[in-house]
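What follows is one structure encoded as structure tokens, with my remarks underneath.
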Amino acid sequence: MSSSPVRVSEEVRDAVAEGRPVVALESTIVTHGLPRPRNLAVAADAEAALRATGAVPATIGVVDGRPVVGLGADELARLAADTDVEKLSVRDLPVAVARGACGGTTVAATALLARRAGVGVFATCGLGGVHRGASTTFDESADLVALSGVPILVVSAGVKSILDVPATLERLETLNVTVLGYRTDSFPGFYVRDAGVPVPARVDTPEEAAAVVRARDALGLRAAVVLANPIAAEEQLDVAEHRAVLDAALTAAADRGVVGHDTTPFLLERMRDATEGRSLEVNVAVYRGNVAALAAAVAGALAAPP
Ligand code: PSU
Ligand code: MN
């Protein structure tokens, strides 16, 4: 029997075995989503905030060809500092393992590795989704199809408004992914509370979200539950400013012929510049709200007897 290349930290393994709350965290946010050196500070804060609630953080990434569930502080710092580190979705994992590469794992790869280690709750900023113009480019994140086959609960602030949000929700429906609005009837637009599309169902407490997860498992369904958590009203970008800045960034991308995987970094950087860094602060606030305030509570509710 060949042994798995995946390493699960002792802390995570023990917590899973004892049924204590564990929350998985991705690392593409750290390697590709946030600017250095802020990236490491945000990642370390997320872990500390989880620990303060009594939950165990399981940050996931690939170090020297070894997928790790529960990165050590030194490993996380290494990924955060490395400018050559790769962005690894599911299709990239075999190559990274075979070559001994380092990488940040996307929502798709993180969800898969988390579930395999027995972790049922995962917090991130925003999911990947359907890009604008995907009807001709076919550019749709592997996050969507991965979530259709991984029974995990993922807390996110919806998807970034640079994507085609209505099309993303249509695809999630097709892929049998359960989408819940947390204390909202509208799917969140990441930087703003409302992307203008209704959610299929709403929950108002962590216990209600946990009950949906238990029902999914009792039904033998294997798809993810997405818990869409809007940013606090006082922390969102001004709605009119958001629309103007987004439109300008999309126009600039079209004018310059920016396509494919360069699109997201280009748009995010334009929005960051146009808002004088405020879109970055919103991003950090979103993450804090998803990780410590909500994912920890749902993990706690799932760990407690129903
Ligand atoms: N959304 C963000 N920031 C990010 C990502 C998504 O606001 O850094 C990352 C996540 O790791 C997500 C990935 O899983 O990008 C999706 O990339 P792609 O569209 O290439 O699948
Ligand atoms: Mn893509």
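(1) part of a loop (DSSP other than H, G, I, E, B); (2) exposed (fewer than 13 other Cβ atoms within 10 Å of the Cβ); (3) of a type outside the set (Phe, Trp, Tyr): which one isn't true of Ala240, the others all being true?
(1)
Can you give me the number of residues within region 147-158 that are in contact with a Pro (Cβ under 9 Å, 6 or more places away or on another chain) and at negative phi? Break it down stepwise before answering.
Our first condition is that a residue be in contact with a Pro (Cβ under 9 Å, 6 or more places away or on another chain); within region 147-158, this holds for 156-158.
Filter once more, keeping what is at negative phi: 156-157.
Of the residues in region 147-158, 2 are in contact with a Pro (Cβ under 9 Å, 6 or more places away or on another chain) and at negative phi.
Select from region 108-134 the residues that are within 12 Å of ligand 2 (Cβ to nearest atom), aliphatic (A, V, I, L, M) and modelled with pLDDT of 95 or more and list them in ascending order.
Ala108, Val130
Is it the case, given these coordinates, that Gly181 is more than 30 Å from Ala304 (Cβ to Cβ) and away from ligand 1 (no atom under 14 Å from the Cβ)?
Spelling it out, it is not the case that Gly181 is more than 30 Å from Ala304 (Cβ to Cβ) and away from ligand 1 (no atom under 14 Å from the Cβ).
Just name the residue that is nearest to ligand 1 (Cβ to nearest atom) out of those in region 111-136 that are of a type outside the set (Gly, Ala, Ser) and either part of a loop (DSSP other than H, G, I, E, B) or within 21 Å of Thr83 (Cβ to Cβ) (or both). Before the answer, list the steps.
Here is the first cut: in region 111-136, the ones of a type outside the set (Gly, Ala, Ser) are 112-113, 115-116, 119, 121-122, 124-125, 127, 130-132, 136.
Of the ones still in play, those that are also either part of a loop (DSSP other than H, G, I, E, B) or within 21 Å of Thr83 (Cβ to Cβ) (or both) are 119, 124-125, 132.
Details: Val119: 17, Thr124: 7, Cys125: 5, Arg132: 12 Å.
Out of the qualifying residues, it is Cys125.
Rundown of residues vs (1) more than 23 Å from Leu169 (Cβ to Cβ); (2) part of a loop (DSSP other than H, G, I, E, B); (3) within 16 Å of ligand 2 (Cβ to nearest atom), yes/no style:
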| site | (1), (2), (3) |
| --- | --- |
| Ala249 | no, no, no |
| Glu276 | yes, yes, no |
| Leu280 | yes, no, no |
| Val286 | no, no, no |
| Ala299 | yes, no, no |
| Pro305 | yes, yes, no |
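Out of the residues in region 79-107 that are part of a helix (DSSP H, G or I), touching a Leu at 6+ places or on another chain (Cβ under 9 Å) and not small (Gly, Ala, Ser), state the one that is farthest from Glu11 (Cα to Cα).
Ranking the candidates gives Val95 first.
May I ask you to list pairs of residues, at least six apart or on different chains, whose Cβ atoms are under 7 Å apart, with the first in region 135-155 being away from ligand 2 (no atom under 13 Å from the Cβ) and the second being basic (Lys, Arg) and not in a loop (DSSP other than H, G, I, E, B)?
Cβ pairs passing all conditions: Val150/Arg115; Pro151/Arg115; Pro151/Arg216; Ile152/Arg115.
If you scan region 17-35, which residues turn out to be touching a helix residue (DSSP H, G or I) at 6+ places or on another chain (Cβ under 7 Å) and outside any helix (DSSP H, G or I)?
Matches in region 17-35: Gly19, Arg20, Pro21, Val22, Val23, Ala24, Leu25, Glu26, Ser27, Leu34.
Looking at region 260-276, I want the residues that are closer than 12 Å to Leu163 by Cα and without any contact (Cβ under 8 Å) to a residue 24 or more places away in the chain and have a partner that is assigned to a helix (DSSP H, G or I) and among the polar types (S, T, N, Q) with Cβ atoms under 6 Å, at least 6 apart or on another chain. Which pairs are those?
Qualifying pairs under 6 Å: none.
When only residues in region 253-271 that are more than 13 Å from ligand 2 (Cβ to nearest atom), assigned to a helix (DSSP H, G or I) and small (Gly, Ala, Ser) count, which is farthest from the chain's Cα centre (by Cα)?
By that ranking, first place goes to Ala254.
Go through region 98-107 and report how many residues are away from ligand 2 (no atom under 11 Å from the Cβ) and in contact (Cβ under 8 Å) with a residue 60 or more places away in the chain. Outline the logic, then answer.
At the first step, the residues of region 98-107 found to be away from ligand 2 (no atom under 11 Å from the Cβ) are 98-105, 107.
If we keep only those that are in contact (Cβ under 8 Å) with a residue 60 or more places away in the chain too, we end up with 103-105, 107.
Result for region 98-107: 4.
The values are calculated or read from the model by the stated rules, or taken from the named source; none is laboratory data. None of these values were measured; they are calculated from a predicted model. Because the Cβ atoms are built from the backbone with ideal geometry, glycine has one as well, and the counts that use them run over all protein chains shown.
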